[in-house]
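Down below is the structure, laid out as structure tokens.
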């Protein structure tokens, strides 16, 4: 029987900050890798910060299961959620927008498979961070990335890379999807205050997958926004627990996708 105590979320965040979101065994960093917090000694039941350290997925698997280090495919949404925590933690430091811009560039450098965002574009991102929240900037740049970057045999062709780089100032100069992403954050806030058993990462995952599913089904941004305001934002009020809310979200997403298919 597993008697190990679950590590509180607040402690996990404190240890991630202490270790700069870096694996203490191999030096792997967020956002390229998902960083896990666990015991320094396998069978230590303590959840005190001093008894904990950080591992990338590979090192965690090797140490706790005696499995060899192998390449792993981390859950992209978990990596992104952890990266947002990193961006938020930088606010505790001076000149944090410069640091946030640097980390956002590194986030996309990882996605681009080794290609680098030029210095001038990093400065564009830093300027945008003075007017927008880091989450909005990241969401905007991801829209540009998914619209412009096309991989060929696992490689980003020069023309595709150039299209993304050229699009950065244009996307940053608009309010592209800012209202939509803010509404998603409002819904997450409602869930966190009303629903017993609320899990912030799971809630984020559900809402992002919902948004992506509707976008894939060719719903327009205004249609998605209208549905978030009129329907999704009411589901937490009608639910008595986080699990009940997730079930309601599953049903609602199925209804929206079926409705779109019926029209075509």
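Values for this structure:
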item	result
Restricting segment 194-203 to residues that are without any contact (Cβ under 8 Å) to a residue 60 or more places away in the chain and part of a helix (DSSP H, G or I), the residue that is surrounded by the most Cβ atoms within 10 Å (Cβ to Cβ)	203
Every residue from segment 3-55 that is assigned to a strand (DSSP E or B) and within 24 Å of residue 113 (Cα to Cα)	22, 29, 35, 36, 55
Helices (runs of 4 or more DSSP H) completely within segment 108-193 that count 2 or more residues being modelled with pLDDT under 90, under 24 Å from residue 227 (Cα atoms) and out of contact with any strand residue (DSSP E or B) (no Cβ under 9 Å at 6 or more places or on another chain)	134-148
Single residue of 130, 194, 188, 122 found to be over 19 Å from the mean Cα position of the chain (by Cα) and under 25 Å from residue 255 (Cβ atoms)	194
Matching option when the condition is at pLDDT below 85 and assigned to a helix (DSSP H, G or I), among 208, 257	208
Flag for residue 94 being surrounded by fewer than 19 Cβ atoms within 10 Å (Cβ to Cβ) and touching a residue at least 40 places away in the same chain (Cβ under 8 Å)	no
Condition met for residue 179 (touching a helix residue (DSSP H, G or I) at 6+ places or on another chain (Cβ under 7 Å) and either in contact (Cβ under 8 Å) with a residue 24 or more places away in the chain or within 23 Å of residue 109 (Cα to Cα) (or both))	yes
Conditions (1) buried (at least 16 other Cβ atoms within 10 Å of the Cβ); (2) in a loop (DSSP other than H, G, I, E, B); (3) without any contact (Cβ under 8 Å) to a residue 24 or more places away in the chain; number of the one not met by residue 219	(3)
From the options 206, 161, 171, residue that is in contact (Cβ under 8 Å) with a residue 24 or more places away in the chain, touching a helix residue (DSSP H, G or I) at 6+ places or on another chain (Cβ under 7 Å), over 21 Å from residue 82 (Cβ atoms) and buried (at least 18 other Cβ atoms within 10 Å of the Cβ)	171
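The values are calculated or read from the model by the stated rules, or taken from the named source; none is laboratory data. Just so we're clear, the structure is a prediction, and the values are computed from it rather than from any experiment. When we count neighbours, we look across all protein chains shown, and the Cβ atoms used for this are built from the backbone with ideal geometry, even at glycine.
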